[in-house]
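Have a look at the structure below, then the notes.
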Amino acid sequence: MDEQTIRMIQQLKSDPAALQTLMQSPDGQALLQLLSGGDRGAALQRAAQSAVRGDPAEMARMVRQVMNTPDGAALVGRISKAMGGR
């Protein structure tokens, strides 16, 4: 994950309203769909639970996997830009 993505994730962690707005946006929904994969979100749920317990490794792996595709990288770029490029 690049530094810009890490900053974006940290900002979302500290601002629940921004996270909620993102998740309700078309790009947020597309990101959830990419992260959910073919298991109806089971892996995403496990990764989120691990992240809440202080182990973000699985979530970081999933985000890297999304960002390694052209569509995923473009999506994350749009999300970052919408958040002010922070």
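Just so you know, all these numbers are worked out from the coordinates, no wet-lab data involved. Predicted model, so just to flag it, every value in this text is computed and none were measured. Here Cβ is always computed from backbone atoms with ideal geometry, including for glycine, and neighbour counts include all displayed protein chains.
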Distance in Å, no decimals, from the C-alpha centre of the stretch 2-24 to the one of the stretch 25-86 is 11
Stokes-Einstein, Kirkwood over Cα pairs, the chain, 20 °C, 1.002 mPa s; D in µm²/s equals 164
Expressed in nanometres to one decimal, the distance between label points 7 Å along Cα→Cβ at GLN24 and ALA51 is 2.0
If the label point sits 7 Å along Cα→Cβ of LEU32, residues of the stretch 47-86 with amide N under 16 Å come out as 47-49
